[in-house]
Amino acid sequence: MEVAALPGDALAGVLRRLPLRSLAAARCICKAWHDVIDASALLLPHLLPHSVCGIFVNYIDHSRHHFFGRRRSSSSPPPFPEIDGSLGFMPNDDGRILQWSSVFDHCNGLLLCEHEWESGLCVCNPATRRWEVLPRPEEASVYSALAYLAFDPAVSPHYEVFLIPPEPKTPVPSNHWITGQWEGIDFVREGQAAGTVQDKRLDPLDLTMFGGPRWRYAVFHQGALYVHCRGPFVMRLSLSQGKYQVIKFPANIEHGKVYLGKSTHGVCFGIIHESQLRVWILIESCGQMEWVSKYQHNLRKLPSLPNVSGKFMGGPWVVEEDNNIGESEESREWDSDNDDLFTVEVEDNENEIEDEEYHHDNFYILGFHPYKEVVFLVQQFEVLAYHLDSSKIQYMGNCRPKCYTLNHSNAYESFLYTPCVIGRLLHGDNTDQNPSED
C-alpha cells in the first residue's frame, strides 16, 4: 500500500516519526499530507516556544533596542527562519529601516514595540518577520498607561494588548486591543485591598533613579496577566472573568532591584539588595495567593565578571548591530549543558570576595529562564547565566553595543526572547515559511 493511500490516522502515525526538517518538507509534498499534518497538529510542539535564543535590551539614553544572543546559524531547520533581532523587516513611514525603537513587552515569541515616537504601538514576530501596527487609542497614550501583551499560542493564534494605568484603582480601567479594534474594559476588584497610600509613596513612579525599568514588568500565565503596579504590589487580572486581585510583594522593594518574571514554577519575583539575590515563586491555591521563598544567594561570593570575560575570551552570545550578528554553525538555541561552565560553591564558600574596585551591588536581573532554573544577571555589560539550583554560572558575553557611547552600563528594560512561529499578524512577506498561518 502506498503511503499516500493510508488512512488519516495511520498516515499521521508514519509522519509523526519524521524529524522536524523532514516533517516540514513532507507538509509541502501534497494536499493530503498537508491536511493530515495540520489536522493532527504534528508540527505544533515544534512551533510553540520552548527555548531561549537571546535577550532584547533597551539601553539607557539610547535611541534603539538591541538583541543580545547567539550568533546566527546557517543550519536552522524549517519552518524556523533566521531571527531578525534588529527588526529590520519593519519599514517606517518613509519606507526606510527603523533607526529607533523600544520594546515594551514580550510574550511567547511576540514583541510589543513603539511604532511612532511616543505615540503608537506595533506587535511583531522576529522569527516570522510579520508585524501589525495598532492605531493609537484616542483616550490613552502609550506613555500615560502601561502597555502589555497577552499571547498563548497553545490556545489561540490571536494576541491581546492592554493599556493599564500604573496605579491600581477600583475598577481598573483598561484599553483592550483584540481582533482589530480597541475596546474599553473595567476590571473589578476581587478580595480586600493589599496596602495603603503610604505604600505607593514608598515606590516612586520613576524607577530609573534606582536602576529600575521605565515601565514595570508583567507576566501572562494561565489566562491571567500579572502586572507590577505602583507600590509593592502585583495586580492579577483575570482576562476571562474581568476581575483583578492585588497581591503584595514578599519583600521591601524601596531600594532593591526587582524583576517580575516567569520560571519553571510559574510567576516569580526576584530582588537584589545589598548583594543578596532572593527569588520567590507565587503559589495559587483555591483563589489564595502566597509567595514562597525559593532561593537566596550571596553575590559577593561570585568572581569578578571582567576577570571572567578575560578568561573565556568572549562568550557564546554577542550584540546584534545593523542586522549583523555574525555567523555560526551552531544552533541559535542556548544549550546550558554544553556552553563553558565553571562552578562557584556559594553555599560552601564562607569567604566573600573583597575587591575595592569591584562592586557586587551593581548586579541587575535581566530575566528568568522560563524553562530552566536560571536567572540572567548583568554587571558592567558582562552577562552571566546563574543556575539557581546548583550555583554554577555561565559567562554569556558582553552586551554593550559598539554604537553605545555612555560609559555607565545597565539597561532600562530587558526581555528574554522565546521564538515562536505561531501568531496572526497582518504584514510580512514570508507566509509560505510559516505553516501556522496557512
Subject >> Residues of the range 370-413 classified as of a type in the set (Ser, Thr, Tyr) and open to solvent by less than 30 Å² (accessible area, probe 1.4 Å), total >> reply: 5
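Looking only at the range 250-268, count every residue that is modelled with pLDDT of 90 or more and not aliphatic (A, V, I, L, M) and tell me the total. So that I can check it myself, show each step before the final result.
Restricting attention to the range 250-268, the residues satisfying the condition of being modelled with pLDDT of 90 or more are 259-268.
Within this subset, residues satisfying the condition of being not aliphatic (A, V, I, L, M) are 259, 261-266, 268.
Count: 8.
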Original post:
Any chance the range 111-128 includes a residue that's modelled with pLDDT under 90, farther than 19 Å from residue 367 by Cβ, open to solvent by 10 Å² or more (accessible area, probe 1.4 Å) and not in a loop (DSSP other than H, G, I, E, B)?
Top reply: no
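Quick check on the range 424-437. Is at least one of its residues farther than 30 Å from residue 181 by Cα, assigned to a loop (DSSP other than H, G, I, E, B) and either modelled with pLDDT under 55 or open to solvent by 10 Å² or more (accessible area, probe 1.4 Å) (or both)? Show your work before the answer.
Applying the first criterion (farther than 30 Å from residue 181 by Cα) to the range 424-437 yields none.
No - not one qualifying residue is present in the range 424-437.
Scanning the range 225-260 for residues that are among the charged types (D, E, K, R) and under 18 Å from residue 274 (Cα atoms), which turns out farthest from the chain's Cα centre (by Cα)? Even if it seems obvious, please write down each step before you answer.
First pass over the range 225-260, keeping only residues among the charged types (D, E, K, R): 230, 236, 243, 248, 254, 257.
Applying the additional criterion that residues be under 18 Å from residue 274 (Cα atoms) yields 254, 257.
On the way: 254: 24, 257: 18 Å.
It comes out as 254.
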**OP:** Please specify each residue of the range 188-232 satisfying the condition of being open to solvent by less than 70 Å² (accessible area, probe 1.4 Å) and at pLDDT 90 or above.
**Re:** 217, 218, 219, 220, 221, 223, 224, 225, 226, 227, 228
Original post:
Does residue 140 satisfy being part of a loop (DSSP other than H, G, I, E, B) and either modelled with pLDDT of 80 or more or open to solvent by 30 Å² or more (accessible area, probe 1.4 Å) (or both)?
Top reply: no
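Being on the phi < 0 side of the Ramachandran plot and either in contact with a Lys or Arg (Cβ under 7 Å, 6 or more places away or on another chain) or open to solvent by less than 20 Å² (accessible area, probe 1.4 Å) (or both) is the filter here, so list the residues in the range 274-288 that pass it.
277, 279, 280, 281, 282
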Original post:
Do we have residue 60 as open to solvent by less than 50 Å² (accessible area, probe 1.4 Å), within 27 Å of residue 151 (Cα to Cα), of a type outside the set (D, E, K, R) and at pLDDT 70 or above here?
Top reply: no
**OP:** Name every residue in the range 233-249 that is in contact with a strand residue (DSSP E or B) (Cβ under 8 Å, 6 or more places away or on another chain) and either of a type in the set (Ser, Thr, Tyr) or open to solvent by 20 Å² or more (accessible area, probe 1.4 Å) (or both), in order of residue number.
**Re:** 236, 238, 239, 243, 244, 245, 246, 248
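Return the only residue of 263, 275 being over 18 Å from residue 160 (Cβ atoms) and under 21 Å from the mean Cα position of the chain (by Cα).
Numbers: 275 fails: under 21 Å from the mean Cα position of the chain (by Cα).
Matching residue, one of 263, 275: 263.
The values are calculated or read from the model by the stated rules, or taken from the named source; none is laboratory data. Keep in mind that what you see is a predicted model, and the values were worked out from it rather than measured. Please note: Cβ atoms are built from the backbone with ideal geometry, for glycine as well, and neighbour counts cover all protein chains shown. Accessible surface areas use protein heavy atoms only, side chains included; no ligands, DNA or RNA. Shrake-Rupley method; radii C 1.70, N 1.55, O 1.52, S 1.80 Å.
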